[in-house]
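Participant: Below is a structure I'd like to ask you about.
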Amino acid sequence: MAILISVTLGAFLTFGLLLVLRNALRSRTVPKHKKSSLATLLLPILTFGFIGPVMLLSVWLFGLDEDASSSQRPLQHDTQASNNSLFSNDSAYSEEVASRFTPAEAGETVRVITAHSLYGELTTEITLLSVERGDRAFQRVLDKDRDFTLHEDMELLLAHVHIYTEDIENKELFTISPDYFQMVTSTGKTHQPVDLSLAQPLWHEMEADTNANGWLAFLINKDDSHPSLVYMPDYDGPWHSLSE
């Protein structure tokens, strides 16, 4: 656009100069009673003297607008990048990792920052270490609970979880327990952990910069091959796949 205006302006100025030159030459050859008046001679100069500055002003204003637009583009990009960064750091997890449709796998660690109602800003890391189902899971149940009965289409699922408590804002002890977890079936139904006597249950009081391991127990349909484990579901926490 700026180039078009510049070319047009140049054409107008050139045409004006040619008119001035033509009138000047004619004034030397025509008879005195037909000689152009001074106003007629100066008219092209006055006309293009007015049009020229107006067009130059338009080019200058357009240039300012173009510069302003170009200066805003990096700002918008930086703002978007900042929003992405804030979303990743302030929410419990990133949309791309450990979500319902892209759960983390066993062995993957997910860092979680939660604005907890009791502990303030709570920073933890969760890793699903392993999953055991059926008869193999029963080997970790203590004798006093081995006699509980299951429906024929159900089985026991155990999840071995590692927790690292990085920081606790109000410096209270963070009590990690099965209450912070849910199992979600492949059809979307949620199940709380069952209360069984396990050899190494996940129940610990943790200070900042401490680690803990433990097992969680769930009852699951034998045909369900794609359940998920959700950490801190009340705070939209991360998902891990419980598929073996």
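Participant: Looking at (1) modelled with pLDDT of 95 or more; (2) open to solvent by 20 Å² or more (accessible area, probe 1.4 Å); (3) out of contact with any Gly (no Cβ under 7 Å at 6 or more places or on another chain), which is the only condition Leu157 fails?
Facilitator: The one condition Leu157 does not meet is (2).
Participant: Related question: Filter segment 105-133 down to the residues that are of a type in the set (Gly, Ala, Ser), in a loop (DSSP other than H, G, I, E, B) and surrounded by 13 or more Cβ atoms within 10 Å (Cβ to Cβ) and list them by number. Spell out the reasoning first.
Facilitator: Start the filter on segment 105-133 by keeping residues that are of a type in the set (Gly, Ala, Ser), which leaves 106-107, 115, 117, 120, 130.
Applying the additional criterion that residues be in a loop (DSSP other than H, G, I, E, B) yields 106-107, 117.
Ala106, the sole residue that qualifies.
Participant: Let me ask you something else. Here are the criteria: (1) touching a Gly at 6+ places or on another chain (Cβ under 7 Å); (2) more than 19 Å from Thr114 (Cβ to Cβ). Tell me which single one His226 does not satisfy.
Facilitator: (1)
Participant: Condition first: over 21 Å from the mean Cα position of the chain (by Cα) and farther than 19 Å from Pro178 by Cβ. Now tell me which residues in segment 109-142 satisfy that.
Facilitator: Answer for segment 109-142, where residues must be over 21 Å from the mean Cα position of the chain (by Cα) and farther than 19 Å from Pro178 by Cβ: Gly120, Gly134, Asp135, Arg136, Gln139.
Participant: Only residues that are of a type in the set (S, T, N, Q), under 28 Å from the mean Cα position of the chain (by Cα) and closer than 30 Å to Arg146 by Cβ: list them for segment 161-211, please.
Facilitator: Going residue by residue through segment 161-211, those that are of a type in the set (S, T, N, Q) are 165, 170, 175, 177, 182, 185-187, 190, 192, 197, 200, 210-211.
Then drop every residue that is not under 28 Å from the mean Cα position of the chain (by Cα), which leaves 165, 182, 185-187, 190.
Residues satisfying the conditions are Gln182, Thr185, Ser186, Thr187, Thr190.
Participant: Please return the ranges of strands (runs of 3 or more DSSP E) entirely within segment 141-244 where 3 or more residues are within 15 Å of Val131 (Cα to Cα). Before you say what the answer is, go through the steps one by one.
Facilitator: Numbers: elements: 154-168, 174-176, 181-184, 204-206, 210-221, 228-231, 239-241.
Output list reads 154-168, 181-184, 210-221, 228-231, 239-241.
Participant: Still on this structure, I have one more. Any residue at all in segment 211-230 that's closer than 17 Å to Thr175 by Cα, open to solvent by 70 Å² or more (accessible area, probe 1.4 Å) and modelled with pLDDT under 95?
Facilitator: Within segment 211-230, not a single residue is closer than 17 Å to Thr175 by Cα, open to solvent by 70 Å² or more (accessible area, probe 1.4 Å) and modelled with pLDDT under 95.
Participant: Determine whether segment 183-200 contains at least one residue that is at positive phi and surrounded by 17 or more Cβ atoms within 10 Å (Cβ to Cβ).
Facilitator: Residues of segment 183-200 at positive phi: 188.
Still in the list and also surrounded by 17 or more Cβ atoms within 10 Å (Cβ to Cβ): none.
No; the residues of segment 183-200 include none that is at positive phi and surrounded by 17 or more Cβ atoms within 10 Å (Cβ to Cβ).
The values are calculated or read from the model by the stated rules, or taken from the named source; none is laboratory data. All values reported here derive from a predicted model rather than from experimental measurement. No Cβ is skipped: glycine too gets one built from the backbone with ideal geometry, and neighbour counts run over all protein chains shown. To get the accessible areas, we keep the full protein, side chains included, count just its heavy atoms, and leave off ligands, DNA and RNA. Shrake-Rupley method; radii C 1.70, N 1.55, O 1.52, S 1.80 Å.
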